[in-house]
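S.K.: Have a look at this one before I ask anything.
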Amino acid sequence: MPDFSILIEYFDVYMEGFINTIYSSIIALIGSFVLGTLIAIFRISSIKPLRWAGTVYVEFIRNIPLLLVVFVFFYGLPSLGITLSGFVCGTIGLTVYTATFIAEAIRAGIMSVPKGQTEAAQSSGLTYVQTMRYVVLPQALKIVIPPLSNQFINLVKNTSVLGVIAGLDLMYFGDQVASKTYATFDTYIFVALFYLVMTLPLSYMALHLERRLAKNG
Amino acid sequence: MLKKWMTASLMMIVMSVFILAGCGGGSKNTAESNSGAGAGASEETAAPATLLDEIKTRDKLVIGVKFDTKLFGLKNPANNEVEGFDVDIAKALSKAILGDETKVELKEVTSKTRIPMLNNNEIDLIIATMTITEERKEQVDFSDVYFKAGQSLLVKKGSAIKSIGDITKGTKVLAVKGSTSVDNIKEKAPDATVLEFDNYQDAFSALKAGQGDTLTTDNAILYGMMAQDPGYEVVGEPFTDEPYGIAIKKGETALVDAVNEALAAMKSSGEYAKIYEQWIGEAPTE
Amino acid sequence: MDFANAFSIDNLRFILEGFYMTLKVAFISIILSFVLGCIVGTIRYTKIPVLSPVLGILVEILRNLPLLLIIFFARFALPDIGIQLGPVYAAIVALTLFEGAMISEIVRSGLNSIDKGQIEAARSSGLSYISTLWHIVLPQGLRRMVPPLVSQFISLLKDTSLAVVISLPELMNQSKIVIGQSYNYVIPVLLLAAFLYFAVNYALSLIARRLETKFI
């Protein structure tokens, strides 16, 4: 059995990391959803430079590691005179990185709505924004939700990179406990359990959501 | 519906605890059976198989050193060699124990990973700017002191921080995970915000990026950083004593004795002083 | 920023050595995780009693943990149960287990997407369960799996960077060491590393798109 006294003695330390991990996940989730939607709109826009900018952003960021994105904000950004904490850099890095995947999911969703519907809506007098708001997005959402919920799970797991840049997350405090107790195996078992407490329920919700959406067609 | 999810996820968590717990329990058993097998093997040779014997049989000494600490152990991108005071001590030990300084294999350790690696038998010795402390003595055995350092502060030239007294509430102090410096600074400057990194390279890069106001560790390591980037300086008197020791797995007294003998011989032959002067730039004070 | 000195011959060689290590570890892990993923995915699809549900639980646990933690575990916790792995092997084992779990899900849903009617038809025309699986289900399923598989491989290649936590001398680790020489190297070196990752992954994704149009 793992040594539960470690969990009890360092519970507050674990909790601090756990709560920061949740904060970072939620902020990055909201941020990447907003940014991702914006980029998706860029990518399907009829204005060429916007489309181009959206494509470059997505193709570039999703083909480089998250850790590198985070390093750019943490070690690189200060050379431009902007210094942000490890937690903030990590969360921004996560947002920027996850936004590419969300943008692609949203774009696929929007593309799945037949063009005829958009044309019909616009010829019946709806503006572009109204068409999006009332016709396209509600339908797109059904296709978008399963990949989005998977992205959120990835996001929670990916917050662990904060540990590398003193981002005060679960991984960071796990390292602290390990270096105090010298019990590597047991310490990280509890870190793993804290992650599972977050990700397993999310996985089941995602699965359930996916099934329900599939049933409703 | 919500209830169903909750029970499902709860069950998963409980199950995973049991699986992982099984692994943990298993670990102790295998460790025991391993040592049992070791004892069995030693019966055939009729002598207790110590780590020292094992080292002599395999004719190689595996030593954990830092790869990122200038003056003590730094990997040089130009020739891919690891160089420094600790590295030269490692080579000298290999010469003393195995008769050849090339019979040493260096493995990268960080403050965070060195004790687990030693206790996993991955390395025979740790020579990695490691302070002898009572707490660590419960985990590992130490040789005699082979270097005397003291904790100090590194700042960007012109910083308002001139000594430990200038650290106030909100001062961001950078340090390395698993080092004594973290505990010391939390004790001596409890108001400071301490941010910990995996290794000295990362911590120094973070200081240069302005992610902290000062970096704290042993003065000897800080002097190495100063040598790397003259834009930074060590300020104030050392505020702790950090006697470095060579760490050896607990219970391997034969190896501890061999290392201590080798250290004493190096000191009397002048070899130690030569290595010391080469890296630290002054004669060792005794 | 100092591009000239950051990209000195020594530094470039050092970084490219890291890049080679990244490619090597990624390549081996891609092959191993693909094999593992196919085996586990097929076993889960065939619903063998005991074995399938047990594998299911293991897959769920692995998929829901951060890879960073798994890499750290492979290096520093496995020795506790008698398995000693150096950085290269630890990285390969961790990547294979984690990505293998991901791939097994891709394989399973690929197999599940095959029309059950075909299987029944094949079975009633006298094919054994194994040959139905091998000749009817797998070839079709694999075709549908290609796009998600390639994006998983791209993820794997990016994920090798997480092995910095166990000091694997791969691209990210070597870049950090060069950055350690001078703060002026940060931007040039990170840009170079980004370019190298991008070049391989973009090439992979182009191949994926080609395959996608060919197969579907």
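S.K.: How large, in Å, is the protein assembly as shown by the Kirkwood hydrodynamic radius built from its alpha-carbon pairs?
M.R.: 27.7 Å
S.K.: Which value, in Å² and to the nearest 10, is the accessible area of residue C:143 when all protein chains are kept and the probe is 1.4 Å?
M.R.: 110 Å²
S.K.: Would you count, across the stretch A:101-217, every pair of lysines whose alpha carbons are under 25 angstrom apart, provided the pair is eight or more residues apart or spans two chains?
M.R.: Here the count comes out as 5.
S.K.: Checking buried surface per residue: for the stretch B:186-210, which residues lose a minimum of 50 Å² accessible area in the protein assembly relative to the chain alone (1.4 Å probe)?
M.R.: B:196, B:197, B:201, B:202, B:205, B:208, B:209
S.K.: I would also like to ask the following. Trypsin sites (Lys or Arg not before Pro), restricted to the stretch B:180-276: which are DSSP loop and have at most 14 other Cβ atoms within 10 Å?
M.R.: When the trypsin sites (Lys or Arg not before Pro) of the stretch B:180-276 are filtered for loop state and at most 14 Cβ neighbours within 10 Å, B:250 remain.
S.K.: Given the -39500 (n - 2.57) contribution per DSSP H run of 4+ residues, what per-residue ellipticity at 222 nm results for chain C, rounded to the nearest 500 deg cm²/dmol?
M.R.: -25000 deg cm²/dmol
S.K.: Separation between the residue B:54 and residue A:181 pseudo-spin-labels, each 7 Å from Cα along Cα→Cβ, expressed in nm?
M.R.: In this crude label model, residue B:54 to residue A:181 measures out at 2.6 nm.
S.K.: For the stretch C:21-171, evaluate the Debye formula with one uniform point scatterer on each Cα (no solvent term) and list log10 I(q)/I(0) at q = 0.13, 0.19 Å⁻¹, rounded to two decimals.
M.R.: Computed log10 I(q)/I(0) values: -0.63, -1.09.
S.K.: In Å² (nearest 100), what accessible area is buried between A and C, both sides summed, heavy protein atoms only, 1.4 Å probe?
M.R.: Accessible area lost upon association: around 3000 Å².
S.K.: Within 10 Å of each candidate Cβ there may be at most 16 other Cβ atoms; applying that plus a DSSP loop requirement, which trypsin sites (Lys or Arg not before Pro) in the stretch C:170-210 survive?
M.R.: none
S.K.: Given chain A reduced to its alpha-carbon atoms as identical point scatterers, what log10 I(q)/I(0) does the Debye formula return at q = 0.08, 0.09, 0.11, 0.12 Å⁻¹?
M.R.: One equal scatterer on each Cα of chain A leads to -0.37, -0.46, -0.65, -0.74.
S.K.: Would you jot down the residues in the stretch B:110-132 that end up with at least 50 Å² less accessible area in the complete protein assembly than in the chain alone, with a 1.4 Å probe?
M.R.: In the stretch B:110-132, residues shielded by partner chains: B:112, B:120, B:122.
S.K.: Per residue, how much accessible area does the stretch C:21-171 show when a 1.4 Å probe rolls over the protein heavy atoms, in square angstrom?
M.R.: Value returned for the stretch C:21-171: 39 Å² of accessible area per residue.
S.K.: For the pairing of chain B with chain C, what total accessible surface becomes buried, with a 1.4 angstrom probe, in square angstrom to the nearest 100?
M.R.: Buried surface at the B/C interface: approximately 2400 Å².
S.K.: As a test of the definition: with a 1.4 Å probe, what buried accessible area, both sides summed, do you compute for A against B, in Å² to the nearest 100?
M.R.: Roughly 2800 Å².
S.K.: When the accessible area of chain A is split by element with a 1.4 Å probe, what percent falls to carbon and sulfur?
M.R.: Reported share for carbon and sulfur atoms: 68 percent.
S.K.: Considering only protein heavy atoms and a probe of 1.4 Å, how much of the accessible area of the stretch C:21-171 is carbon and sulfur, as a whole percent?
M.R.: C and S atoms contribute 71 percent here.
S.K.: Take the stretch B:151-235, drop everything but the C-alpha atoms, weight them equally and run the Debye formula without solvent; then report log10 I(q)/I(0) at 0.11, 0.20, 0.23 Å⁻¹ to two decimals.
M.R.: Taking Cα atoms of the stretch B:151-235 as identical point scatterers yields -0.23, -0.81, -1.12.
The values are calculated or read from the model by the stated rules, or taken from the named source; none is laboratory data. Bear in mind the structure is a predicted one, so any value in this text is a computation, not a measurement. Because the Cβ atoms are built from the backbone with ideal geometry, glycine has one as well, and the counts that use them run over all protein chains shown. Accessible surface areas use protein heavy atoms only, side chains included; no ligands, DNA or RNA. Shrake-Rupley method; radii C 1.70, N 1.55, O 1.52, S 1.80 Å.
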